[in-house]
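Colleague: Attaching a single structure in structure tokens format; questions to follow.
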Amino acid sequence: MTHGYIAYRALLYVPTLFIILLITFSLVRLLPGDPITVMYGELGPPPEARRALEEKLGLDKPLAFQFLLYAYRIFTGDWGKSIYTGEPVIELVLRRFVATLELTAVSLVMASAIGIALAYIAVKRPNSLADRLVGIASVASYSIPVFWWGLILILIFSVNLKLLPPGGRGGLENLVLPSLTLAIVNFGLICRISRAAMLEVYSQDFVMAAKARGLSERRVILKYVMRNAAIAIVTLVGLRFGILMGGAVITETVFAYPGVGRMIVEGIFSRDYPIIFGGIVFVALVVMTVNLIIDLIYLALDPRVRIARS
Amino acid sequence: MTSKILAPALKSLKALYKGPLATSIAMTVILGILVLALLADYVAPYSYSEINLWRRLEPPTPDHLLGTDHLGRDILSRLIHGTRPLLYVVVVAVLIAASTGTLIGLLSGYFGGAVDLIVSRIIDALMSFPAILIALAVVTVLGPGLEKVVIAIGIAEATTFARLSRGLILVEKEQLYVLSARAVGASSFRVIFRHVLPNIAGPLLVQSTFAASSAILWEAALSFLGLGAQPPTPSWGLMLYEAKDYMTLAPHAMISPGLAIFITVLSFNIVGEALRDLMDPRFKRIVK
């Protein structure tokens, strides 16, 4: 039963994948200006050179054929080459992704630490002043324009204090400001989710029983509430991975950080089709895969869900 | 129908205003923005587009309370006039998102079947894209500009409304009132729009408030990337984009537009959350 359900959940992602490919393919094909004009300017190359180039880039085939070819190539790992540098897109994307992963992972850890710690404070005394302050801090967190916050940090720590570099990638010092930017912008959501999840557990009978046995509030929250809320927290945070990645696109641009997001933005400005294709498809695939994994982990960890569904 | 929705809406607005201090302040901020947008021509001390190259990048003075930008324009006046593109973005983007998203979600959820399966897959797929990527792609296809940004944000936000309204109608269509409406021969169209829609207006309204705050953030982000509003529009995001090159010389030009965006988005979020708590008493029950 359960295996059938796991297979069903996984199978649901196949059409999603197809639609992702279809959307990226058609969106980028709708862009004004073809890549050859972009490469050679308004006048363009002589007709025979243009034809040879079109053939080389596959631009002379019918659209449906181009799409099938595109889908086939995505699955076989042949993601084309950058129109400008000639570098294979898959290699470029993977290299850039390492940078993005580094950034998102560090900021996610920071954001979770802040968010869960604040949620703990809030849950200890619901509706108290502390709870309300935590609530305001979380709303403030996801109301901050991420680019502005990044610039403010640059202004303070790079321009005035001259402590940290304003951008680039290399050492740990390059990672501090961008990840701090993302952590501050994201902790609010995690805090809200954790607070709600913990309160939900808090109202259940086994927590009441633990309290009745005379355990301290701290112990009840840490040992009973947090443990049981953890699954929900991980799931909800995981399902919002796409939002984290979205913030990363802008943060990477502010800090000239060589991640996937900045690569896509650069690709859009230069109309480097394979780069835009590759970047957007890659991010969507990553988000989709994370969703699938979280879906399955949730299923494996929480027997209630497993039994209810099968 | 209008009075049926409007009267309770006014009543809940009053209830909200008498709520916590943060909510009253947030509502006052939003009201203030509306008033400023209406009276911008009378309130702003200077023109938002008049260039004065002799007075570039001046720090705040009694003459120019928030200083001047890289072209010598008065920043305060630009911020005040900026409430107009701001409201334009909020109203149009949320209208596009709420109407298309809700329509798709309601039809798909009500009729179910193969169409619902396909629509759900498409929503799932769209939700795998971070909204900024959808917006970036749409803006690049349509070209930069405030009108295009609004469409991009509307499309990116429509998925949330589609998913929400689909979920809501799935619950509502099992209710007795839907059954009785159908029993007396009401058409599907009538059931969906006259019976179900008013019953799920609350959650949709709450979602609209949150959509408004993200629309403001996305417009600012896209303008900050140079893809949104074009000069000399006094869009707050564009002001940030223009000020960032002079950040070390004149930090004041960058700080105030960002702060304005932050306060506005914060206000919309606070009102949205208060509205949700008002409509969903379940949350308070959990606390007690």
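Colleague: Just to verify a result, which residue in the range B:227-253, among those that are surrounded by fewer than 24 Cβ atoms within 10 Å (Cβ to Cβ) and more than 12 Å from chain A (Cβ to nearest Cβ), is nearest to B:Val90 (Cα to Cα)?
Modeller: B:Thr233
Colleague: Name the one entry in A:Leu108, A:Leu118, A:Leu189, A:Leu177 that is more than 10 Å from chain B (Cβ to nearest Cβ), under 27 Å from B:Met239 (Cα atoms) and buried (at least 18 other Cβ atoms within 10 Å of the Cβ). Steps first, please.
Modeller: Details: A:Leu108 fails: under 27 Å from B:Met239 (Cα atoms); A:Leu118 fails: under 27 Å from B:Met239 (Cα atoms); A:Leu189 fails: under 27 Å from B:Met239 (Cα atoms).
When all the criteria are applied, what remains is A:Leu177.
Colleague: For residues in the range A:124-140 being at the interface with chain B (Cβ under 10 Å from one of its Cβ atoms) and part of a helix (DSSP H, G or I), which is surrounded by the most Cβ atoms within 10 Å (Cβ to Cβ)? Give the steps one after another, and end with the answer.
Modeller: Keep residues of the range A:124-140 that are at the interface with chain B (Cβ under 10 Å from one of its Cβ atoms), which gives A:126-127, A:131-132, A:135-136, A:138-140.
Filter again for part of a helix (DSSP H, G or I), leaving A:131-132, A:135-136, A:138-140.
Numbers: A:Asp131: 18, A:Arg132: 14, A:Gly135: 21, A:Ile136: 14, A:Ser138: 26, A:Val139: 23, A:Ala140: 17.
The residue in question is A:Ser138.
Colleague: Run down A:Leu151, A:Leu199, A:Leu215 and say which single residue is at the interface with chain B (Cβ under 10 Å from one of its Cβ atoms), surrounded by 14 or more Cβ atoms within 10 Å (Cβ to Cβ), over 27 Å from A:Arg95 (Cα atoms) and more than 20 Å from the chain's Cα centre (by Cα).
Modeller: A:Leu199
Colleague: Can you list the helices (runs of 4 or more DSSP H) lying wholly within the range B:168-272 that have 1 or more residues being among the basic types (Lys, Arg) and more than 23 Å from A:Ile250 (Cβ to Cβ)?
Modeller: B:176-183
Colleague: Moving on. Would you confirm whether any residue within the range B:57-65 is more than 19 Å from the chain's Cα centre (by Cα), touching a residue at least 12 places away in the same chain (Cβ under 8 Å) and assigned to a helix (DSSP H, G or I)?
Modeller: No, the range B:57-65 has no match at all.
Colleague: How many of the residues making up the range B:65-78 are surrounded by fewer than 24 Cβ atoms within 10 Å (Cβ to Cβ) and closer than 13 Å to B:Ala44 by Cα?
Modeller: Applying the first criterion (surrounded by fewer than 24 Cβ atoms within 10 Å (Cβ to Cβ)) to the range B:65-78 yields B:65-67, B:70-72, B:76-77.
If we keep only those that are closer than 13 Å to B:Ala44 by Cα as well, we get B:65-66, B:76-77.
Here the count works out to 4.
Colleague: For the range B:149-176, what are the residues that are at pLDDT 90 or above and loosely packed, with under 13 Cβ neighbours inside 10 Å?
Modeller: Within the range B:149-176, B:Leu176 is the sole residue that qualifies.
Colleague: Here's something else I'd like to know. Please work out which residue is nearest to the other protein chains (Cβ to nearest Cβ), limiting yourself to the range A:248-259 and to residues that are closer than 19 Å to A:Leu285 by Cβ and either part of a helix (DSSP H, G or I) or touching a strand residue (DSSP E or B) at 6+ places or on another chain (Cβ under 7 Å) (or both).
Modeller: Of the residues in the range A:248-259, the ones closer than 19 Å to A:Leu285 by Cβ are A:248-249, A:252, A:259.
Still in the list and also either part of a helix (DSSP H, G or I) or touching a strand residue (DSSP E or B) at 6+ places or on another chain (Cβ under 7 Å) (or both): A:248-249, A:252.
Working: A:Ala248: 8, A:Val249: 5, A:Glu252: 11 Å.
Only one residue tops the list, namely A:Val249.
Colleague: Can I ask one more? Inside the range A:61-103, can you point out the residues that are surrounded by 13 or more Cβ atoms within 10 Å (Cβ to Cβ), in a loop (DSSP other than H, G, I, E, B), free of Cβ contacts under 8 Å to residues at least 24 places away in the same chain and out of contact with any strand residue (DSSP E or B) (no Cβ under 8 Å at 6 or more places or on another chain)?
Modeller: Across the range A:61-103, the qualifying residues are A:Lys61, A:Asp78.
Colleague: Within the range A:195-213, track down each residue that is at pLDDT below 85 and not in a helix (DSSP H, G or I).
Modeller: Passing the criteria: A:Ser203, A:Gln204.
Colleague: Tell me which residues, restricted to the range B:124-158, are of a type in the set (Asp, Glu), closer than 14 Å to B:Ala215 by Cβ and touching a Ser or Thr at 6+ places or on another chain (Cβ under 7 Å).
Modeller: B:Glu157
Colleague: On to the next question. Please indicate, with yes or no, whether at least one residue in the range B:160-175 is within 14 Å of chain A (Cβ to nearest Cβ) and under 15 Å from the mean Cα position of the chain (by Cα).
Modeller: Looking for residues that are within 14 Å of chain A (Cβ to nearest Cβ) and under 15 Å from the mean Cα position of the chain (by Cα), one finds at least one in the range B:160-175, hence yes.
Every residue, every condition in (1) within 12 Å of chain B (Cβ to nearest Cβ); (2) at pLDDT 80 or above; (3) farther than 30 Å from B:Leu227 by Cβ; (4) buried (at least 18 other Cβ atoms within 10 Å of the Cβ), yes or no:
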{"residue": "A:Leu239", "(1), (2), (3), (4)": "yes, no, no, no"}
{"residue": "A:Met245", "(1), (2), (3), (4)": "yes, no, no, yes"}
{"residue": "A:Gly261", "(1), (2), (3), (4)": "yes, yes, no, yes"}
{"residue": "A:Ala300", "(1), (2), (3), (4)": "no, no, yes, no"}
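Colleague: If A:Leu163 passes every condition in (1) in a helix (DSSP H, G or I); (2) away from every other protein chain (no Cβ under 13 Å); (3) not polar (S, T, N, Q) but one, which one does it miss?
Modeller: That leaves (1) as the condition not met.
Colleague: So, in the range A:59-76, how many residues would count as being among the charged types (D, E, K, R) and under 14 Å from A:Ile20 (Cα atoms)? Give the steps one after another, and end with the answer.
Modeller: Narrowing the range A:59-76 to residues among the charged types (D, E, K, R): A:60-61, A:73.
Checking the rest, the ones that are also under 14 Å from A:Ile20 (Cα atoms) come to none.
Matching residues across the range A:59-76 total 0.
Colleague: Of the conditions (1) away from chain A (no Cβ under 12 Å); (2) buried (at least 18 other Cβ atoms within 10 Å of the Cβ), B:Ile134 fails just one. Which one is it?
Modeller: For B:Ile134, the exception is condition (1).
Colleague: Can I ask one more? Give the residue, chosen from B:Arg84, B:Arg121, that is within 14 Å of another protein chain (Cβ to nearest Cβ), assigned to a helix (DSSP H, G or I) and basic (Lys, Arg).
Modeller: Numbers: B:Arg84 fails: within 14 Å of another protein chain (Cβ to nearest Cβ).
None of the others qualify; the one that does is B:Arg121.
Colleague: Another question, if that's okay. Kindly indicate the residue of the range A:23-46 that is at pLDDT 75 or above and out of contact with any Phe, Trp or Tyr (no Cβ under 7 Å at 6 or more places or on another chain) and also nearest to the other protein chains (Cβ to nearest Cβ) among those meeting that condition.
Modeller: Kept after step one, since they are at pLDDT 75 or above, are these residues of the range A:23-46: A:23-26, A:46.
When the remaining residues are screened for being out of contact with any Phe, Trp or Tyr (no Cβ under 7 Å at 6 or more places or on another chain), the result is A:23, A:26, A:46.
Working: A:Ile23: 7, A:Ser26: 10, A:Pro46: 29 Å.
Ranking the candidates gives A:Ile23 first.
Colleague: Given (1) within 14 Å of chain A (Cβ to nearest Cβ); (2) part of a helix (DSSP H, G or I), where does B:Pro144 come up short, assuming only one miss?
Modeller: All conditions are met except number (2).
Colleague: Can you tell me how many residues within the range B:14-49 are among the hydroxyl-bearing types (Ser, Thr, Tyr) and more than 30 Å from B:Arg73 (Cα to Cα)?
Modeller: From the range B:14-49, those among the hydroxyl-bearing types (Ser, Thr, Tyr) are B:17, B:23-24, B:28, B:42, B:46-49; that's our starting set.
Of the ones still in play, those that are also more than 30 Å from B:Arg73 (Cα to Cα) are B:17, B:23-24.
Residues meeting the conditions: 3.
Colleague: Quick check: anything in the range A:172-180 under 19 Å from A:Ala99 (Cβ atoms) and not in a helix (DSSP H, G or I)? Please lay out each step first, then the result.
Modeller: Taking the range A:172-180 first, the residues under 19 Å from A:Ala99 (Cβ atoms) are A:172-180.
Applying the additional criterion that residues be not in a helix (DSSP H, G or I) yields none.
Taking every residue of the range A:172-180 in turn, none turns out to be under 19 Å from A:Ala99 (Cβ atoms) and not in a helix (DSSP H, G or I).
The values are calculated or read from the model by the stated rules, or taken from the named source; none is laboratory data. In this text, all values refer to a predicted model and were calculated from it rather than measured experimentally. With ideal geometry, Cβ positions are generated from the backbone for all residues, glycine too; neighbour counts draw on all protein chains shown.
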